[in-house]
There are 2 protein chains.
Amino acid sequence: MPARGDHDARREDVSEAVWRVLAAHGFSGLTLRAVATEMGASTGLVTHYFPNKKALVRYAVRLADERTQARARRRPERPGLVALRAALLDVLPLGPDAVTMNRMWVGFWGAALADPALHEGEAARYANWRARLLPHVVEAQRRGELDSAAGSEDLVAIAASFTHGLVVQVLFDPENFPPERQISLLDSFLDGFSGGAGSHGRVAPRAPR
Amino acid sequence: MPARGDHDARREDVSEAVWRVLAAHGFSGLTLRAVATEMGASTGLVTHYFPNKKALVRYAVRLADERTQARARRRPERPGLVALRAALLDVLPLGPDAVTMNRMWVGFWGAALADPALHEGEAARYANWRARLLPHVVEAQRRGELDSAAGSEDLVAIAASFTHGLVVQVLFDPENFPPERQISLLDSFLDGFSGGAGSHGRVAPRAPR
């Protein structure tokens, strides 16, 4: 039996290997054997941590969740539209880590649609994401930075839809969607709902009422 | 050797079985064995048509493409925003067939991200979809039904993003996104870019200039 410290260190090695497999091969390439190969270890060693594929998948999802939290930019102090824009920028595949993360999630959708437990988890993750965006939209509408024609919950669903749909297009066609275009598409999208005020992060927002 | 007619009929049986497997289990559940089970046939019979998983996947994608074309609603005679709205409605999971189709495509994304040939095919399919939407956006902008603040190509990318992102949320949370809400979200989205004119399918569009 290895000492506790060894066990933790080895577990981190496994985490890094899982992450590199996801980066290189996406979710559909995540297998016990691929993780073992990545570590230069035996499949037996990997099954010491993950008895089966399901355990490995659960772990990968938790790992991606943790990294998503860790890489979220520090929220800007200014609430409302600026905070909403920052939260959506956090999701876009603007750099290598965010590309890996998004490849993982998009690849996971297929597995999650096919497995009731994973499906439920992903539905909850979506609901949580929308719940985190909601206060920004409510505040932006209160400040007059976003139109109030659509309800806040609907605007959140529309913004979440736009952002994830853009993620998918970027992953398939990165040359057509470099980071600067992703950002400008997000800004054009937000402009559509700002009543033409153009009041998000690029220019000074209106004073709070 | 079965006669030609038998072969064609059997091939249609296989198509139907592939489709039912996709409907029940999604893309990630599409295996030679699952297709055989669905047909009440041996795996050997299925491998007569599909020598391996790759051939089966290629076939499923072609089948979904064909059905996507077949179920596209007859284009409304009115061009511009009305045509754009109809084209986006065609994509949304508003009924069981469209749910199956979308489950298939979303599940396919993971496989396509992991396989260069499939990736290229999906990138091309996206480019084709945007190219089909482009004339509607250009015409809607020409008519003043959509803002011209954003370029036409950007508006197409934004509309495609919104639509596919909504598809994913609907698949994971159908109770929260019944068909009538999907349609009202699409209309709210389009309203954002119509300069508040609300000139799409629900009300009479402005006369062409």
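The values are calculated or read from the model by the stated rules, or taken from the named source; none is laboratory data. It should be emphasised that the depicted structure is a prediction, and the values quoted were computed from it without experimental measurement. Cβ atoms come from the backbone with ideal geometry, glycine included; neighbour counts cover every protein chain shown. The accessibility values were calculated without ligands, DNA or RNA, using every heavy atom of the protein model including side chains. Shrake-Rupley method; radii C 1.70, N 1.55, O 1.52, S 1.80 Å.
Look at segment A:19-46 and say how many of its residues are more than 22 Å from A:Glu66 (Cα to Cα) and either in a loop (DSSP other than H, G, I, E, B) or polar (S, T, N, Q) (or both).
Final tally of qualifying residues: 5.
Looking at segment A:90-106, I want the residues that are open to solvent by 10 Å² or more (accessible area, probe 1.4 Å) and have a partner that is of a type in the set (Asp, Glu) with Cβ atoms under 9 Å, at least 6 apart or on another chain. Which pairs are those?
Correct list of pairs: A:Trp105/A:Glu122.
So A:Glu145 clears everything in (1) in contact with a Pro (Cβ under 7 Å, 6 or more places away or on another chain); (2) at pLDDT 95 or above; (3) open to solvent by 20 Å² or more (accessible area, probe 1.4 Å) except one condition, right? Which one?
(3)
May I ask you to list the residues in segment A:113-147 that are in a helix (DSSP H, G or I), in contact with a Ser or Thr (Cβ under 9 Å, 6 or more places away or on another chain) and of a type in the set (A, V, I, L, M)?
A:Leu113, A:Ala114, A:Leu134, A:Val137, A:Val138, A:Ala140
Residue by residue through segment A:162-186, note down the ones that are over 14 Å from the mean Cα position of the chain (by Cα) and more than 7 Å from chain B (Cβ to nearest Cβ).
Going residue by residue through segment A:162-186, those that are over 14 Å from the mean Cα position of the chain (by Cα) are A:169, A:172-186.
A:Pro174, A:Glu175, A:Asn176, A:Phe177, A:Pro178, A:Pro179, A:Glu180, A:Arg181, A:Gln182, A:Ile183, A:Ser184, A:Leu186 - these are the residues of segment A:162-186 that are over 14 Å from the mean Cα position of the chain (by Cα) and more than 7 Å from chain B (Cβ to nearest Cβ).
Which condition number in (1) within 28 Å of A:Arg62 (Cβ to Cβ); (2) at pLDDT 95 or above; (3) part of a helix (DSSP H, G or I) is the one that A:Pro93 fails?
In the conditions (1) within 28 Å of A:Arg62 (Cβ to Cβ); (2) at pLDDT 95 or above; (3) part of a helix (DSSP H, G or I), A:Pro93 misses (3) alone.
Being of a type in the set (Asp, Glu), facing chain A (nearest Cβ under 8 Å) and within 27 Å of A:Ser188 (Cβ to Cβ), is that true of even one residue in segment B:83-90?
Scanning segment B:83-90, I find no residue that is of a type in the set (Asp, Glu), facing chain A (nearest Cβ under 8 Å) and within 27 Å of A:Ser188 (Cβ to Cβ), so the answer is no.
On the given criteria, is A:Arg78 surrounded by fewer than 17 Cβ atoms within 10 Å (Cβ to Cβ) and under 21 Å from B:Asn176 (Cβ atoms)?
Working: surrounded by fewer than 17 Cβ atoms within 10 Å (Cβ to Cβ): yes; under 21 Å from B:Asn176 (Cβ atoms): no.
In short, no.
In the set B:Gly95, B:Gly107, B:Gly121, B:Gly80, which member is in contact with a Leu (Cβ under 7 Å, 6 or more places away or on another chain) and not assigned by TED's automatic domain parsing to the domain that holds B:Val21?
On the way: B:Gly95 fails: in contact with a Leu (Cβ under 7 Å, 6 or more places away or on another chain); B:Gly121 fails: in contact with a Leu (Cβ under 7 Å, 6 or more places away or on another chain); B:Gly80 fails: in contact with a Leu (Cβ under 7 Å, 6 or more places away or on another chain).
Being in contact with a Leu (Cβ under 7 Å, 6 or more places away or on another chain) and not assigned by TED's automatic domain parsing to the domain that holds B:Val21 holds for just one of B:Gly95, B:Gly107, B:Gly121, B:Gly80, which is B:Gly107.
Just checking, does segment B:47-55 include any residue being among the small types (Gly, Ala, Ser), surrounded by fewer than 19 Cβ atoms within 10 Å (Cβ to Cβ), part of a helix (DSSP H, G or I) and outside the structural domain of B:Pro179 (by TED's automatic domain parsing)? Outline the logic, then answer.
To start, the set of residues in segment B:47-55 that are among the small types (Gly, Ala, Ser) comprises B:55.
Keeping just the survivors that are surrounded by fewer than 19 Cβ atoms within 10 Å (Cβ to Cβ) gives B:55.
Retained after the next criterion (residues that are part of a helix (DSSP H, G or I)): B:55.
Pick out the ones that are also outside the structural domain of B:Pro179 (by TED's automatic domain parsing) and you get B:55.
Yes, that holds for at least one residue.
Determine the pairs where a residue that is within 7 Å of another protein chain (Cβ to nearest Cβ), located within segment B:111-123, has a partner that is of a type outside the set (D, E, K, R) and not in a helix (DSSP H, G or I) with Cβ atoms under 9 Å apart, the partner being 6 or more residues away or on another chain.
Cβ pairs passing all conditions: B:Ala111/A:Gly26; B:Leu113/A:Gly26; B:Ala114/A:Gly26; B:Ala123/A:Asn176.
Of all residues in segment A:148-161, how many are without any contact (Cβ under 8 Å) to a residue 40 or more places away in the chain, in a helix (DSSP H, G or I) and either open to solvent by less than 10 Å² (accessible area, probe 1.4 Å) or facing chain B (nearest Cβ under 9 Å) (or both)? Steps first, please.
Going through segment A:148-161, the residues without any contact (Cβ under 8 Å) to a residue 40 or more places away in the chain turn out to be A:148-149, A:151-158, A:160-161.
With the extra rule that they be in a helix (DSSP H, G or I), the set shrinks to A:152-158, A:160-161.
Those left that are additionally either open to solvent by less than 10 Å² (accessible area, probe 1.4 Å) or facing chain B (nearest Cβ under 9 Å) (or both): A:154-158, A:160-161.
Selection size over segment A:148-161: 7.
Among the residues of segment B:125-139, write down those that are open to solvent by 60 Å² or more (accessible area, probe 1.4 Å) and under 11 Å from B:Ala87 (Cα atoms).
B:Arg132 - this is the single residue of segment B:125-139 that is open to solvent by 60 Å² or more (accessible area, probe 1.4 Å) and under 11 Å from B:Ala87 (Cα atoms).
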